[in-house]
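J.: Quick one: the structure is below, and I'll ask about it shortly.
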Amino acid sequence: MSDNTAVDPYRSLDGRNVILGVTGSIAAYKSADLASKLVQQGATVDVVMTPSAKEFIGTATFAGLTHRPVTTGLFEANSDIAIDHVALALRADAVVIAPATANSIAKLAFGLSDDPLGAAVLATSAPVIVCPAMDAHMYDNAATQANIETLRRRGVYIVEPAEGRLASGLIGKGRMEEPARIVEHVRWVLGRQGDLAGWKVVVSAGGTQEPLDPVRHIANRSSGKMGYAVAAAARDRGALVTLVAGPTALPDPVGVVVVHVVTALDMRDAIAGAAKNADLLVMAAAVADFRPTEAAKEKIKKGSRETVTLELIRNPAIISEVSGPKLIKVAFAAETGEAARKAREKAHYLGAAFIVANDVLEPGSGFGTDTNRVTFVYPDGTDEALPLMDKLAVAHELLTRARKNLT
Ligand SMILES: Cc1cc2nc3c(=O)[nH]c(=O)nc-3n(C[C@H](O)[C@H](O)[C@H](O)COP(=O)(O)O)c2cc1C
């Protein structure tokens, strides 16, 4: 068993009250997963179902997942809303309707309140997030589009459905967004007034690939997870985030502008452009220190050679080159042993407010893991060692310290 099993995952919706509205779509089965994911992120989830939704999924599933009573009718006993149908709405930090049928979207556009969900939406001042799910023709229909537009104009946040295979067998736009992505939208919406609201943050992530020939490259083992966590954490606190990412297997985070790059030189150019007007640059990418002096135009053949010698040339030190009138810089240093001491030696020439040192050989730390144990190294020679933590928690600790420099 590795050390990282002892670390509690960071919960990005701790203390938040979320109403999860479920309507009569075949995608209602996915709302069970969504309810579970919201609860796992720390939210208190009150499920409100339309009468049609009960044809698709049972209340026991939601009650079991949320540990709370499920509201299914305006006049039902044991329903909070029956006693005071605005109680949940007033307490809510967000109302998420997933799946949202064409019918319920139309009712919301008209402000109808003949079911508990419509009543809750009218009574709340919390952000309302609507995740449509329907047949592609129903979604494209002018009436549905006009209703969605009406909701948008009123400030309702629409999570666009995805293109894909629909329950009808058709391929088209109308598939409800995946629950994990909906949770990210919720985090983004709830973070809009966070302590980084208005700040422009640029984050680099992942490793770079330096081509040797058209089919080979020199790379490193960075998974991109640390930089992606910093980008997501900054977004969750209201920042406008640009993520400059080397090749990774990770999906683009919701609510973040992602610039995909391959080489160190591409990364340098993308960061230089994005950082010009930025407030904060966090260099979490593992940028190759060297690249082949020349990439062969054709695949290098092995022929009869037993050895090959590669000539490498130094890549630019991006963090030292990039500047902006108000730019605060934070650098990561991935080391193998004595990470803090080695980072301290770099501190004076990187021009960073602090360096985040991590030992990539430690169990649970560094490349590919979901956790990291870092030491913040400051230019005055002091440092601050953190315990092994979830990467998202490390990202928040980093941003809290960077925030002190931003004001
Ligand atoms: C098997 C089946 C699947 C359905 N799936 C959807 C759907 O994905 N989206 C939708 O807008 N309507 C769908 N409907 C139609 C709605 O259930 C119907 O419009 C209902 O009145 C919606 O009520 P509600 O919006 O109050 O939940 C489906 C109906 C059936 C019988």
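The values are calculated or read from the model by the stated rules, or taken from the named source; none is laboratory data. Nothing here was measured: the structure is a model prediction, and the numbers come from that model. Positions of Cβ are generated from backbone atoms using ideal geometry, with glycine treated the same way; all protein chains shown enter the neighbour counts. Only protein heavy atoms, including side chains, enter the accessible area calculation; ligands, DNA and RNA are left aside. Shrake-Rupley method; radii C 1.70, N 1.55, O 1.52, S 1.80 Å.
J.: Could you work out the relative contact order of the range 13-190? I mean the mean sequence separation of Cα pairs under 8 Å and 6+ apart, divided by the number of residues, in percent.
T.: Values: 383 pairs, mean separation 39.7, N = 178.
Rounded, it is 22 percent for the range 13-190.
J.: Mind checking the dipole of the chain: about its Cα centre, +1 per Lys or Arg Cβ, -1 per Asp or Glu Cβ, Debye to the nearest 20? Could the numbers behind the result be given before it?
T.: Working: 43 positive and 45 negative charges, 151 e Å.
Using Cβ point charges on Lys, Arg, Asp and Glu, the chain gives about 720 debye.
J.: Angle between the Cα long axis of helix 339-350 and the longest principal axis of the chain, 0 to 90 degrees, nearest 10?
T.: 80 degrees
J.: Amide H to amide H, which residues 5 or more places from H217 or on other chains are under 5 Å from it, using H placed in the peptide plane?
T.: Long-range HN contacts for H217: L212.
J.: Let me ask another. In cubic angstrom, how much convex hull volume per residue do the alpha carbon atoms of the range 256-407 span? Can you show the working numbers first?
T.: Working: hull volume 24.1 nm³, N = 152.
For the range 256-407, the hull spanned by Cα atoms encloses 158 Å³ per residue.
J.: Using θ = phi - 60° and the Karplus curve 6.51 cos²θ - 1.76 cosθ + 1.60, what whole-Hz ³J(HN,Hα) does each residue of the range 224-234 get, with Gly and Pro shown as x?
T.: So the Karplus estimates, Gly and Pro as x, are x, 4, 5, x, 5, 5, 5, 4, 5, 5, 5 Hz.
J.: Additional query: Counting pairs of alpha carbon atoms under 8 Å apart in space and at least six apart in sequence, what relative contact order in percent does the chain give? All intermediate terms of the calculation are to be shown ahead of the outcome.
T.: Working: 933 pairs, mean separation 50.2, N = 407.
Dividing the mean separation by the residue count of the chain yields 12 percent.
J.: Please give every one of the aspartates and glutamates within straight-line cross-link reach of K342, meaning a C-alpha to C-alpha distance under 17 Å, and leave out same-chain neighbours fewer than 8 residues apart.
T.: Once the sequence-local aspartates and glutamates are set aside, what remains near K342 is D289, D359, E362, D380, D383, E384.
J.: In a GNM of the chain with a 10 Å cut-off on Cα contacts, which of S365, S304, S36 has the highest mean-square fluctuation?
T.: Its mean-square fluctuation being the largest, the pick is S304.
J.: Something else about it: May I ask you to evaluate 6.51 cos²θ - 1.76 cosθ + 1.60, the Karplus curve with θ = phi - 60°, for each residue of the range 90-107 and list the ³J(HN,Hα) values in order in whole Hz, giving x for glycine and proline?
T.: Whole-Hz 3J(HN,Hα) from phi for the range 90-107: 6, 7, 5, 8, 7, 10, 10, 10, 8, x, 10, 6, 4, 4, 5, 4, 4, 5.
J.: Which of rounded, prolate, oblate describes the range 146-209, given a ≥ b ≥ c as roots of the alpha-carbon gyration tensor eigenvalues and a/c under 1.5 marking rounded, otherwise prolate only if a/b is larger than b/c? Intermediate values should be presented prior to the final figure.
T.: Details: a/c = 2.82, a/b = 1.32, b/c = 2.14.
Taking the square roots of the gyration eigenvalues as a ≥ b ≥ c, the range 146-209 is oblate.
J.: Tell me the accessible surface of H260 in square angstrom (1.4 angstrom probe, heavy atoms of protein chains only), to the nearest ten.
T.: 110 Å²
J.: Using Cα positions and a limit of under 15 Å, work out the aspartates and glutamates in reach of K301, with same-chain residues fewer than 8 apart set aside.
T.: Reachable aspartates and glutamates: D213.
J.: Is the C-alpha gyration tensor of the range 13-190 telling us rounded, prolate or oblate? Criteria: a/c under 1.5 is rounded; beyond that, a/b larger than b/c is prolate, otherwise oblate.
T.: Note, shape of the range 13-190 comes out rounded.
J.: Further question on the same structure: Around L281, which amide H atoms from residues at least 5 apart in sequence, or from another chain, sit under 5 Å from its own amide H, with H modelled in the peptide plane?
T.: V202, I328, K329, V330
J.: Using the Kirkwood radius built from alpha carbon pairs, what does the Stokes-Einstein equation give as D for the chain at 37 °C and 0.692 mPa s, in µm² per second?
T.: Stokes-Einstein gives a translational diffusion coefficient of 140 µm²/s.
J.: Now for a different question. Set Lys and Arg Cβ to +1 and Asp and Glu Cβ to -1, take the dipole of the range 13-190 about its Cα centre, and tell me which of L65, V183, Y139 lies farthest positive.
T.: V183
J.: Mind pulling the angle between the C-alpha long axis of helix 179-190 and the longest principal axis of the chain? Nearest 10 degrees, somewhere in 0 to 90.
T.: So the inclination is approximately 90 degrees.
J.: Residues of the range 13-190: accessible area per residue at 1.4 Å, in Å²? Display every interim value, and only then the final one.
T.: Working: 7570 Å² over 178 residues.
I get 43 Å² per residue for the range 13-190.
J.: For the range 206-219, in order, what is each residue's ³J(HN,Hα) by Karplus, 6.51 cos²θ - 1.76 cosθ + 1.60 with θ = phi - 60°, in whole Hz (x at glycine and Pro)?
T.: So the J values, rounded to whole Hz, are x, x, 9, 10, 10, x, 9, 7, x, 10, 10, 8, 9, 9.
J.: Taking the Cα centre of the range 13-190 as origin, work out the dipole magnitude from +1 charges on Lys and Arg Cβ and -1 charges on Asp and Glu Cβ, in debye rounded to 20. Can you show the working numbers first?
T.: On the way: 15 positive and 18 negative charges, 50 e Å.
My answer is approximately 240 debye.
J.: Can you pull out the trypsin sites (Lys or Arg not before Pro) in the range 219-314 that DSSP calls coil and that have at most 16 other Cβ atoms within 10 Å? Walk me through the intermediate numbers first.
T.: Values: sites: R221, K225, R235, R237, R268, K276, K297, K299, K301, K302, R305, R314; in loops: R221, R237, K276, K297, K299, K301, K302, R305.
Passing sites in the range 219-314 are R221, K276, K297, K299, K301, K302, R305.
J.: Using the structure shown, list the pairs from K326/K404; K276/K346; K225/K329 with a Cα-Cα distance above 22 Å, or answer none. Don't skip to the answer; put the middle values down first.
T.: Details: K326/K404 14 Å; K276/K346 24 Å; K225/K329 19 Å.
Over 22 Å apart, Cα to Cα: K276/K346.
J.: Moving to a separate point now. Would you calculate, for the chain, the mean residue ellipticity at 222 nm contributed by helices, counting each DSSP H stretch of 4 or more residues as -39,500 (n - 2.57) and dividing by all residues, to the nearest 500?
T.: Numbers: 14 runs with 132 residues, N = 407.
So the calculated ellipticity at 222 nm is -9500 deg cm²/dmol.
J.: To continue, here is another question. Of the residues V22, V282, V258, which exhibits the maximal mean-square fluctuation in a Gaussian network model of the chain defined by a 10 Å Cα contact cut-off?
T.: Of the options given, V258 has the highest mean-square fluctuation.
J.: Hand me the chymotrypsin sites (Phe, Trp or Tyr not before Pro) from the range 24-117 located in a DSSP loop with no more than 11 other Cβ atoms within 10 Å, in residue order please.
T.: Hits after loop and neighbour filter: F75.
J.: Could you run the Debye sum over the Cα atoms of the range 88-162, one equal point scatterer each and no solvent, and tell me log10 of I(q)/I(0) at q = 0.11, 0.22 Å⁻¹, two decimals?
T.: The computed values of log10 I(q)/I(0) come out as -0.24, -0.96.
J.: Given a 1.4 Å probe and the protein chains all in place, what does the accessible area of Y378 round to, in Å² to the nearest 10?
T.: Rounded to the nearest 10, the figure is 50 Å².
J.: Using only Cα atoms, find the angle between the long axis of helix 264-275 and the longest principal axis of the chain, and express it within 0 to 90 degrees, rounded to the nearest 10.
T.: 60 degrees
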